[in-house]
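The structure appears below as structure tokens.
The values are calculated or read from the model by the stated rules, or taken from the named source; none is laboratory data. Note that this is a predicted model, so its numbers are computed, not measured. Note: ideal-geometry Cβ built from the backbone for every residue, glycine included; neighbour counts use all protein chains shown.
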Amino acid sequence: MNYFDDVVIDIQQLSFSRGERAIYSSIDLKIPRGKITAIMGPSGTGKTTLLKLIGGQLKPDSGSILIDNQNIPTLSRSELFSVRERMGMLFQSGALFTDMSVFENVAFPIRVHTDLPNDMIRDIVLMKLQAVGLRGAHDLMPSELSGGMARRVALARAISLDPDIVMYDEPFTGQDPIAMGVLVNLIRHLNDSLGHTSIIVSHDIQETLGIADYIYLIADASVIAHGTPEELQSVESPQVKQFMHGLPDGPVPFHFPAPDYGADLLSGEGR
Amino acid sequence: MDKLALLGRHGLDRLAAFGRSSMILFQALVAKPQPLMMFPLLVQQIYFVGVLSLIIIVVSGLFIGMVLGLQGYTILVDYGSEQAVGQMVALSLVRELAPVVTALLFAGRAGSALTAEIGLMKATEQLSSLEMIGVDPLRRIIAPRFWAGFICLPILSAIFAIVGVYGGALVSIDWLGIYDGSFWANMQNSVNFYEDVMNGLVKAVVFGFVVTWIAVFQGYDCIPTSEGISQATTKTVVYSSLAVLGLDFILTAVMFGEV
């Protein structure tokens, strides 16, 4: 079966840099519709940046990001906002609105984009909160939640309007094993039953391998490998192997670029 | 040469910031206003920005009016014209002190709070998540806060002037024993509605615009870290105060300069 018969996001020749540092240089990436696509890579490679580029919050230096043939970087402000109504995004920090209760946070997208009556909104919100296991917490404020709970509320908010495309930025970080298992199932289940297209940014290898249909591995400003989880696990490239198996030694350095360790210690320069 | 380049760099940065702030203001206010969505948010912000500033404005107004009465009396009594203290209190309040002091207090009380709130929303990605939900933060967050400040400052300034006049009267009439008839009559004869009251109000409107603009822009444009937010808050208070004092001179020169 070909994954790319029906592509919802088509990124072509995308380049982006912050100051002198190139985050992406001419990458190509396709996200198939209705599938779970994972973007993986060592931290600092700009995975979150990629989500922000897709959401139009950052503008690339060059290249195009086509979502159903609309080129995101060239859209006007109001066109961009209408495209975003089809997207949901789970932020790494959760990014809940601190002046609203959990209930109001999840209800917010529904209230601004639909005219549904209050009792219907209540039902939808409670269903979404039930899905993430926090229905009982609906009248708490975000400051009363733990980091993992806040992220689950944010997930409920991201899916409250059943968007076509859901982007998850590190959904598994900070979750206990039970919540982690539930979340993995939930993302899979939502994707299959509602026909979402999901994009997961993560470096939790085992969870991501278990859930993703297709994986892009990003390092050094480009895509170093892509394929199904099975394909990636059998790739022989040392860079890919190192990341997939979490090995400390290999072509991907663990250390930030630095002068020689011994020379640095012995240089004796005062601070 | 390096210093010259640095100066140029600095100037360009300032110009760019001014351009950005104008764009933000334009997009928040002019492009497609949504009065229905805005109204409840505006009422909420008027409460936070205006009603909660009332105490500091009323207390300051009362004391400044009382001090004016006292100071005016000690000077005027030497010339035997202490009856004119009402006129002095009212004119200095209505023309100068009410708009200027209110704007300065407002920058410290409400402007800094606006900057910190918006800056923290930026740092905690709440503004980004609004954008991703498909809601323009300029319209949802910036616009109601801007309008609230713009509406509240002139009202607060008027309250300041009224309370100040009352404070002046309290000291002059009840304490120093000036005849209340001449206190009020002198005031009534000398304060002109258009020249004094309206000009004072125009000042307050201009200050309201500038102070709130600076506050929301500094919050929206801040570097989203704790250090960045603290710098932005400081900038709000410093820039607003300087802008208020500078504009006050210009406005006074334009309004009363030809006399």
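Quick notes
- Per the listing B:Val210, B:Val191, the residue uniquely at pLDDT 90 or above and not acidic (Asp, Glu) is B:Val210.
- Residue, nearest to B:Asn192 (Cα to Cα), within segment B:75-101, restricted to residues that are β-branched (Val, Ile, Thr) and at pLDDT below 95: B:Val94
- Conditions (1) within 14 Å of another protein chain (Cβ to nearest Cβ); (2) crowded, with 23+ Cβ neighbours inside 10 Å; number of the one not met by B:Asp136: (2)
- Residue in segment B:200-210 that is free of Cβ contacts under 8 Å to residues at least 24 places away in the same chain, over 27 Å from B:Arg139 (Cβ atoms) and in a helix (DSSP H, G or I) present: no
- Test: residue in segment B:45-65 that is touching a Cys at 6+ places or on another chain (Cβ under 7 Å), within 14 Å of chain A (Cβ to nearest Cβ) and part of a helix (DSSP H, G or I): no
- Scan of segment A:134-152 for residues that are within 14 Å of chain B (Cβ to nearest Cβ), out of contact with any Pro (no Cβ under 8 Å at 6 or more places or on another chain) and part of a helix (DSSP H, G or I), ordered by number: A:Pro142, A:Ser143, A:Gly147
- Just one of the listed residues (A:Ile124, A:Ile54) is closer than 30 Å to A:Ser25 by Cβ, β-branched (Val, Ile, Thr) and touching a residue at least 24 places away in the same chain (Cβ under 8 Å), and it is A:Ile54.
- Condition met for A:Leu155 (within 14 Å of another protein chain (Cβ to nearest Cβ), crowded, with 16+ Cβ neighbours inside 10 Å and not in a strand (DSSP E or B)): yes
- A:Ile39 fulfils the conditions (1) surrounded by 14 or more Cβ atoms within 10 Å (Cβ to Cβ); (2) within 14 Å of chain B (Cβ to nearest Cβ) except for a single criterion, (2).
Matching residues to (1) away from chain A (no Cβ under 14 Å); (2) surrounded by 24 or more Cβ atoms within 10 Å (Cβ to Cβ):
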{"residue": "B:Gly80", "(1), (2)": "yes, no"}
{"residue": "B:Val101", "(1), (2)": "yes, no"}
{"residue": "B:Phe106", "(1), (2)": "yes, yes"}
{"residue": "B:Thr124", "(1), (2)": "no, no"}
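- Test: A:Asp220 is modelled with pLDDT under 85, of a type outside the set (Gly, Ala, Ser) and within 14 Å of the chain's Cα centre (by Cα): no
- Residues located in segment A:53-69, provided they are more than 14 Å from chain B (Cβ to nearest Cβ) and assigned to a loop (DSSP other than H, G, I, E, B): A:Pro60, A:Asp61, A:Asp68, A:Asn69
- Check on A:Thr45, assigned to a loop (DSSP other than H, G, I, E, B), more than 22 Å from B:Ile133 (Cβ to Cβ) and not small (Gly, Ala, Ser): yes
Results for (1) at positive phi; (2) within 14 Å of chain B (Cβ to nearest Cβ), shown as yes or no for each residue.
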residue	(1), (2)
A:Gly46	yes, no
A:Thr49	no, yes
A:Asn71	no, no
A:Ser82	no, yes
A:Gly88	no, yes
A:Val102	no, no
A:Ile110	no, yes
A:Asn118	no, no
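- Restricting the search to helices (runs of 4 or more DSSP H) fully inside segment A:168-271 and requiring at least 1 residues that are free of Cβ contacts under 8 Å to residues at least 60 places away in the same chain, among the charged types (D, E, K, R) and out of contact with any helix residue (DSSP H, G or I) (no Cβ under 8 Å at 6 or more places or on another chain) gives A:177-194, A:229-233, A:238-245, A:261-266.
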